[in-house]
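Novice: Would you mind keeping the following structure in view while I ask a few things?
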Amino acid sequence: MPDVEEAPPGDLGLDTEGGAGSDGFGLVGHKGGKGLFGGGGGSPFARYGKMAANEIKELLSENEKLRRKGYTAVGKLWLETDGSVKKIEIARGSNDPDIDDLLNRTLHKLKKINEPPPPEMEQPIKFKITVRL
């Protein structure tokens, strides 16, 4: 089952939880506020993290080639105060140059998250993409 985790274990991450979608990408987060945001699941950071993760998941699910091969990669997302993407990058590639190139091109299509991030939200937002076949 494919997963998009908001952060690799031990690194800073989002406090959010998600489930697998019918598009082949699922979400898994740091339950209980571990990592970047501390606190419990009711924080504005957790809600925003889930929303951002869902938007990344939707974007990736549009590309059939990204759903048909097993891989893991880690990305970072920086946002402007209005939710516009300031920068997005692959921090650790999948060890497959074709997948990395496709991930990079697809992620750069993300222009804005639907809402601005909560004030004082630390950045970058790290996310981990895992596709298991």
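Novice: In the stretch 55-86, what count of residues is obtained for those that are farther than 16 Å from PRO116 by Cβ and either out of contact with any Asp or Glu (no Cβ under 9 Å at 6 or more places or on another chain) or not aromatic (Phe, Trp, Tyr) (or both)?
Specialist: 20
Every residue, every condition in (1) under 20 Å from MET121 (Cα atoms); (2) modelled with pLDDT under 50; (3) surrounded by 13 or more Cβ atoms within 10 Å (Cβ to Cβ), yes or no:
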residue	(1), (2), (3)
GLY40	yes, yes, no
ALA53	yes, no, yes
GLU64	no, no, no
ARG67	no, no, yes
ALA73	no, no, yes
LYS87	yes, no, no
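Novice: Among the residues of the stretch 61-101, write down those that are under 13 Å from the mean Cα position of the chain (by Cα) and of a type in the set (Ser, Thr, Tyr).
Specialist: SER61, THR72, listed by residue number.
Novice: Assess whether GLY35 counts as being closer than 17 Å to ILE125 by Cα, buried (at least 19 other Cβ atoms within 10 Å of the Cβ), at pLDDT below 60 and more than 13 Å from the chain's Cα centre (by Cα).
Specialist: On the way: closer than 17 Å to ILE125 by Cα: yes; buried (at least 19 other Cβ atoms within 10 Å of the Cβ): yes; at pLDDT below 60: yes; more than 13 Å from the chain's Cα centre (by Cα): yes.
Considered against the rule, which asks whether it is closer than 17 Å to ILE125 by Cα, buried (at least 19 other Cβ atoms within 10 Å of the Cβ), at pLDDT below 60 and more than 13 Å from the chain's Cα centre (by Cα), GLY35 comes out as yes.
Novice: Would you check which residues across the stretch 68-116 are of a type in the set (S, T, N, Q) and either out of contact with any helix residue (DSSP H, G or I) (no Cβ under 9 Å at 6 or more places or on another chain) or in a loop (DSSP other than H, G, I, E, B) (or both) and list them?
Specialist: Restricting attention to the stretch 68-116, the residues satisfying the condition of being of a type in the set (S, T, N, Q) are 72, 81, 84, 94-95, 104, 106, 114.
Selection gives THR72, THR81, SER84, SER94, ASN95, ASN104, ASN114.
Novice: Kindly list the number of the only condition in (1) aromatic (Phe, Trp, Tyr); (2) modelled with pLDDT of 90 or more; (3) in a helix (DSSP H, G or I) that fails for PHE45.
Specialist: (2) is the only condition that PHE45 fails.
Novice: Out of (1) without any contact (Cβ under 8 Å) to a residue 24 or more places away in the chain; (2) assigned to a strand (DSSP E or B); (3) of a type outside the set (A, V, I, L, M, F, W, C), the odd one out for THR130 is which?
Specialist: Among (1) without any contact (Cβ under 8 Å) to a residue 24 or more places away in the chain; (2) assigned to a strand (DSSP E or B); (3) of a type outside the set (A, V, I, L, M, F, W, C), the lone unmet condition for THR130 is (1).
Novice: Of the residues that make up the stretch 96-105, is at least one among the polar types (S, T, N, Q) and either touching a Gly at 6+ places or on another chain (Cβ under 8 Å) or in contact (Cβ under 8 Å) with a residue 24 or more places away in the chain (or both)?
Specialist: To start, the set of residues in the stretch 96-105 that are among the polar types (S, T, N, Q) comprises 104.
Within this subset, residues satisfying the condition of being either touching a Gly at 6+ places or on another chain (Cβ under 8 Å) or in contact (Cβ under 8 Å) with a residue 24 or more places away in the chain (or both) are none.
No.
Novice: Would you be able to tell me the number of residues in the stretch 114-130 that are surrounded by fewer than 20 Cβ atoms within 10 Å (Cβ to Cβ) and over 13 Å from the mean Cα position of the chain (by Cα)? Even if it seems obvious, please write down each step before you answer.
Specialist: We begin by selecting, within the stretch 114-130, every residue surrounded by fewer than 20 Cβ atoms within 10 Å (Cβ to Cβ); these are 114-116, 118-124, 130.
Those still in the list that are over 13 Å from the mean Cα position of the chain (by Cα) too: 114-116, 118-122.
Going through the stretch 114-130 one residue at a time, the tally reaches 8.
Novice: Is one or more of the residues making up the stretch 90-113 surrounded by 15 or more Cβ atoms within 10 Å (Cβ to Cβ), at pLDDT below 90 and charged (D, E, K, R)?
Specialist: The answer is no; no qualifying residue exists.
The values are calculated or read from the model by the stated rules, or taken from the named source; none is laboratory data. Just so it is clear, the model here is predicted, and its values are computed rather than measured. In this analysis, Cβ positions are derived from the backbone assuming ideal geometry, glycine residues included, and neighbour counts consider all displayed protein chains.
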